[in-house]
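The values are calculated or read from the model by the stated rules, or taken from the named source; none is laboratory data. In this text, all values refer to a predicted model and were calculated from it rather than measured experimentally. Note that each Cβ is placed from the backbone with ideal geometry, even for glycine, and that neighbours are counted across all protein chains shown.
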Amino acid sequence: MTDALRIVTQPIGVWHGPGDSDELLDHLAGLVGERTVTTFVIGFPYNMDGTEGPRAEQVNAFIERVRARFPAVSVAKQDERLSTKEAESLLREAGHFGAERKARRDSWSALVILRDWLAAGEPQS
């Protein structure tokens, strides 16, 4: 997540459960209720050659469910290539190792995706 001025970014908790579940959308609704949310930035699986990856169809279906549930919140796709590798690097630099690093990897990967989206000028898709 980031602040309203887009200055500070920080990872938040990771959802543990099926990505196609109504419970995930309920979890997002809780986050929306606690914060001022204007955009969901969703990592999109591109292959290294820029074509859509094998999970793209699932992610697109998820995006449509998010848009239907939260019509007042925009949704932006952001390339997620190499986000896990970058997150691993950031975690090492921050002194996280072993199980602690593994536990934080997904939330820090999301942080990388958000930072990349902000650095790209917050493109909408």
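Quick rundown of the values:
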| item | result |
| --- | --- |
| Those residues of region 97-109 which are in contact (Cβ under 8 Å) with a residue 24 or more places away in the chain and touching a Ser or Thr at 6+ places or on another chain (Cβ under 8 Å), in sequence order | S109 |
| Qualifying residue in region 92-105 (condition: closer than 16 Å to T9 by Cβ and either among the aromatic types (F, W, Y) or more than 14 Å from the chain's Cα centre (by Cα) (or both)) | yes |
| Pair list, Cβ < 6 Å and 6+ apart or interchain, from region 16-45 residues that are loosely packed, with under 15 Cβ neighbours inside 10 Å to residues that are at pLDDT 95 or above and not aromatic (F, W, Y) | T39/S74; T39/A76 |
| From A120, A56, A72, A94, residue being out of contact with any helix residue (DSSP H, G or I) (no Cβ under 7 Å at 6 or more places or on another chain), without any contact (Cβ under 8 Å) to a residue 40 or more places away in the chain and farther than 26 Å from D20 by Cβ | A94 |
| Residues of region 79-89 classified as buried (at least 18 other Cβ atoms within 10 Å of the Cβ) and either in contact with a Gly (Cβ under 6 Å, 6 or more places away or on another chain) or among the aliphatic types (A, V, I, L, M) (or both), total | 2 |
| Criterion: over 14 Å from M1 (Cα atoms) and aliphatic (A, V, I, L, M) - qualifying residue of A110, A61 | A61 |
